[in-house]
Amino acid sequence: MNHAAKTAARPPRHSPSSGRAAAGAATLVDQRDDALARLALAELARGQPAGPAAMERFQGETAPDQAEKPLPEDAEAAEGEEPDELDSLAETPKPSLAPEPELPARPGAGAPAGPSQRHAALFTADGSVRAAAPSAAAPTGRGRPAREAGVTGTPRVDMNAAGSTCTPDDILPADVDWEAEEDGKKWRAKATALRTAGQINVNPTPSLPNTLTTPNTANPVVGGNIDNTKGGKNHWKFAIKEMKEYHTPKGGRSNHWHSTVASTAHEQAHWDTDWLKNVLGPAWPAARKSIARVTIAKADAADAVAAKAKLEDEVKAKIKKFNTKTTKAWNAVPDEPGAWFANGYKAGQKVLDGLIGQVESFAKGQKW
């Protein structure tokens, strides 16, 4: 996994591209951690941040190339500010499961189906999150806001990357639309929309449908890449075993049998569920309320333009705090095979389960 360019960025959430059980790589799940895992899940399900001991399972044994994102320089100073909605925001996201991803088409029947269109998230003025209709022409990265609905944000995507990662961008003052509005004897800051962007990288799995080699994507048809040669890497039982172990303790991406669609589903689940829903879902409404605390006296500004100029510095400070909070929540997202609410691995396993079913049906039809 090449994260050399990940300086001062959020830590990617990824499916390991180097295969499972790499030398020196830390593995996360073992019997010793089961009690801590249950404790963390129980606390998270109640909407409470898990204690340090309970979260050690998820935060203390990351792989060597998965360093956490450095916090902004003002992170410590933010702790001493007057409490507001951002101060009370949980720094560990409440677990929420990803929806089932699209499954690949049956091998031999054309290219695998996959998430070819991105669902953009709209964060509206009332703090709600909804999915926009998919569009082949949907903009990527930061775009201009739709006047009536707020802002659409989608990740940039590289489908031929050296590693599979999902990395949200930092939230900057330029990403938050806000205005000064009259509120009795005050001018009050009002946040109206949020833009979010990021980067999804997918390391493709080779797809050689008629070649008895690995690594490969299973094509269980006559003349395909699955056979009944015991002890071989193309044996149907071996292929099934490798794919079944993906979302298990000490599992991960197989060196022999995987799928580009599974890797794409893994990273998209990080974006759609872990980032948009679990992190920003509660954080954006809290940020809007926090920003609304910024006021000046009505007599201090002649109009909304002048008021906004006087409110700006404090609003920027709130946005920096918002970024700090979302960074901490993102750093706490679990991304290890076998973790109970690792949405990336769950989404990827759903895709692999479809391939497993096809291999099993083919073997049965061949009377192997």
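In the range 287-294, the condition of being in contact with a Pro (Cβ under 8 Å, 6 or more places away or on another chain), open to solvent by less than 50 Å² (accessible area, probe 1.4 Å) and farther than 25 Å from R156 by Cβ is met by no residue.
Before we move on, is P134 outside any strand (DSSP E or B), farther than 30 Å from A301 by Cα and at pLDDT below 50? When the stated conditions are applied, P134 passes them. For the range 204-227, give me the residue count where each residue is in contact with a Lys or Arg (Cβ under 9 Å, 6 or more places away or on another chain) and surrounded by fewer than 15 Cβ atoms within 10 Å (Cβ to Cβ). Residues flagged as in contact with a Lys or Arg (Cβ under 9 Å, 6 or more places away or on another chain) and surrounded by fewer than 15 Cβ atoms within 10 Å (Cβ to Cβ) within the range 204-227 amount to 2. Answer yes if at least one residue in the range 185-203 is out of contact with any Phe, Trp or Tyr (no Cβ under 9 Å at 6 or more places or on another chain), farther than 25 Å from V261 by Cα and surrounded by 18 or more Cβ atoms within 10 Å (Cβ to Cβ), and no otherwise. Looking through the range 185-203, at least one residue is out of contact with any Phe, Trp or Tyr (no Cβ under 9 Å at 6 or more places or on another chain), farther than 25 Å from V261 by Cα and surrounded by 18 or more Cβ atoms within 10 Å (Cβ to Cβ). The condition of being more than 30 Å from the chain's Cα centre (by Cα) and within 28 Å of T192 (Cβ to Cβ) holds for only one of A329, A304, A292, that being A304. Just one of the listed residues (K298, K346, K308) is touching a helix residue (DSSP H, G or I) at 6+ places or on another chain (Cβ under 8 Å), charged (D, E, K, R) and in contact (Cβ under 8 Å) with a residue 40 or more places away in the chain, namely K346. H247 meets the conditions (1) in contact (Cβ under 8 Å) with a residue 24 or more places away in the chain; (2) open to solvent by 20 Å² or more (accessible area, probe 1.4 Å); (3) more than 22 Å from S164 (Cβ to Cβ) in every case but one. The failed one is (3). Scanning the range 154-167 for residues that are at pLDDT 95 or above and outside any loop (DSSP other than H, G, I, E, B) turns up P155, R156, V157, D158, T165, C166, T167. Those residues that are under 30 Å from W284 (Cβ atoms) and either modelled with pLDDT under 95 or part of a strand (DSSP E or B) (or both), I need them from the range 198-232; list them, please. Across the range 198-232, the qualifying residues are G198, Q199, I200, N201. Out of all the residues in the range 257-274, is one or more open to solvent by 10 Å² or more (accessible area, probe 1.4 Å), touching a residue at least 60 places away in the same chain (Cβ under 8 Å) and touching a Ser or Thr at 6+ places or on another chain (Cβ under 8 Å)? The answer is yes, given that some residue of the range 257-274 is open to solvent by 10 Å² or more (accessible area, probe 1.4 Å), touching a residue at least 60 places away in the same chain (Cβ under 8 Å) and touching a Ser or Thr at 6+ places or on another chain (Cβ under 8 Å).
Of the candidates V333, V359, V351, the single residue that is open to solvent by less than 10 Å² (accessible area, probe 1.4 Å), outside any helix (DSSP H, G or I), touching a residue at least 40 places away in the same chain (Cβ under 8 Å) and of a type in the set (A, V, I, L, M, F, W, C) is V333. Scanning the range 326-368 for residues that are of a type in the set (G, A, S) and farther than 23 Å from K277 by Cβ returns G354, G357, S361, A363, G365.
The values are calculated or read from the model by the stated rules, or taken from the named source; none is laboratory data. Because the structure is a prediction, the values reported are computed rather than measured. So basically every Cβ, Gly included, is an ideal-geometry build from the backbone, and we count neighbours across all protein chains shown. Protein only, heavy atoms only, side chains kept; ligands, DNA and RNA dropped before computing areas. Shrake-Rupley method; radii C 1.70, N 1.55, O 1.52, S 1.80 Å.
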